[in-house]
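Asks: What follows is a single structure, and I will ask about it in a moment.
The values are calculated or read from the model by the stated rules, or taken from the named source; none is laboratory data. Every value quoted in this text rests on a predicted model; they were computed, and no experiment measured them. Using ideal geometry, Cβ is built from the backbone for each residue, glycine included, and neighbour counts are taken over all protein chains shown.
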Amino acid sequence: MKKLAIALALASLTSSAFAAPETFNLDPHHTAPYFSYSHFGYSTQIQRFDKTSGKLVLDRAAKTGSVDVSIDAKSVNTGYALFNEHIQAVDYFDTAKYPTITFKSTAVKFEGDKPVAVEGNLTVKGVTKPVTLTVTSFHSMAHPMLKRDAIGANAVTKIKRSEFNMGKNAPYVSDEVTLTIAVEAIKE
């Protein structure tokens, strides 16, 4: 009987350590990647993208995960149609040739049961560079309206736009850009 109890205890520990990964689909209405930069030193300008899709996979027991995000670069929204066209042109996003910005994770770092950093590859304008997104907030609970599990997070990184062949007007318009992704995702 004692051996059976020990075997059951070990089995329960093993099964909890190998909990199934959970897959979450980005909520396109509550996911908002945005970027900010200094404009001639006068002010910090903030622009956003309106169309984003992707998946997040988390295995909190194993402390692993993956992130795959696709941003429609043509959905850049500055609040001004003429400026939207300007930054979609060849000198900046060149959306005619590179309509999509992607981030694909290579590792998710946890503290306790929460992700705190996501390492991965950011591709903008056909150039791929490694970046680390620092997770500044993370929340997981049942969605009060959808009655399904959901997660939300904010993650931030700094990049140099010149490294992505978008350096026109630097340093007047800062080369360093802060990229922030506010994300909400619903469990499949």
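Asks: Run down G126, G167, G152, G120 and say which single residue is of a type in the set (G, A, S), at pLDDT 95 or above, surrounded by 17 or more Cβ atoms within 10 Å (Cβ to Cβ) and within 23 Å of P99 (Cβ to Cβ).
Replies: Checking each option against the conditions leaves just G120.
Asks: Which members of the stretch 46-61 meet the condition of being at pLDDT 95 or above, small (G, A, S) and surrounded by fewer than 16 Cβ atoms within 10 Å (Cβ to Cβ)?
Replies: S53
Asks: Just to check your reading of the model, which residue among K104, K125, K129 is in contact with a Leu (Cβ under 8 Å, 6 or more places away or on another chain) and touching a residue at least 24 places away in the same chain (Cβ under 8 Å)?
Replies: K129
Asks: Return a yes/no flag: does the stretch 135-148 have any residue that is of a type in the set (A, V, I, L, M) and under 23 Å from S36 (Cβ atoms).
Replies: Within the stretch 135-148 (the criterion being of a type in the set (A, V, I, L, M) and under 23 Å from S36 (Cβ atoms)), the answer is yes, since at least one residue qualifies.
Residues checked against (1) of a type in the set (D, E); (2) within 15 Å of the chain's Cα centre (by Cα):
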{"residue": "D27", "(1), (2)": "yes, yes"}
{"residue": "Y37", "(1), (2)": "no, no"}
{"residue": "I46", "(1), (2)": "no, no"}
{"residue": "D50", "(1), (2)": "yes, yes"}
{"residue": "K55", "(1), (2)": "no, yes"}
{"residue": "I71", "(1), (2)": "no, yes"}
{"residue": "S75", "(1), (2)": "no, no"}
{"residue": "L82", "(1), (2)": "no, no"}
{"residue": "V90", "(1), (2)": "no, no"}
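Asks: Moving to a separate point now. Given the options D91, D68, name the one that is surrounded by fewer than 17 Cβ atoms within 10 Å (Cβ to Cβ), closer than 21 Å to E184 by Cβ and of a type in the set (D, E, K, R).
Replies: Residue meeting the stated conditions: D68.
Asks: Follow-up. Let me spell it out: the conditions are (1) more than 21 Å from the chain's Cα centre (by Cα); (2) surrounded by fewer than 15 Cβ atoms within 10 Å (Cβ to Cβ), and V173 meets all of them except one. Which number is the exception?
Replies: Against the list (1) more than 21 Å from the chain's Cα centre (by Cα); (2) surrounded by fewer than 15 Cβ atoms within 10 Å (Cβ to Cβ), V173 comes up short only on (2).
Asks: Sticking with this structure for a sec: Considering I87, I71, which residue is in a strand (DSSP E or B) and under 19 Å from T52 (Cβ atoms)?
Replies: Unique residue meeting the criteria: I71.
Asks: Restricting attention to the stretch 93-101, does a residue exist that is assigned to a strand (DSSP E or B) and at pLDDT 95 or above?
Replies: Within the stretch 93-101 (the criterion being assigned to a strand (DSSP E or B) and at pLDDT 95 or above), the answer is yes, since at least one residue qualifies.
Asks: OK, next. Give the stretch 71-87 a look and list any residue that's among the aromatic types (F, W, Y) and either closer than 19 Å to E176 by Cβ or surrounded by fewer than 14 Cβ atoms within 10 Å (Cβ to Cβ) (or both), or say none.
Replies: Scanning the stretch 71-87 gives a single hit, Y80.
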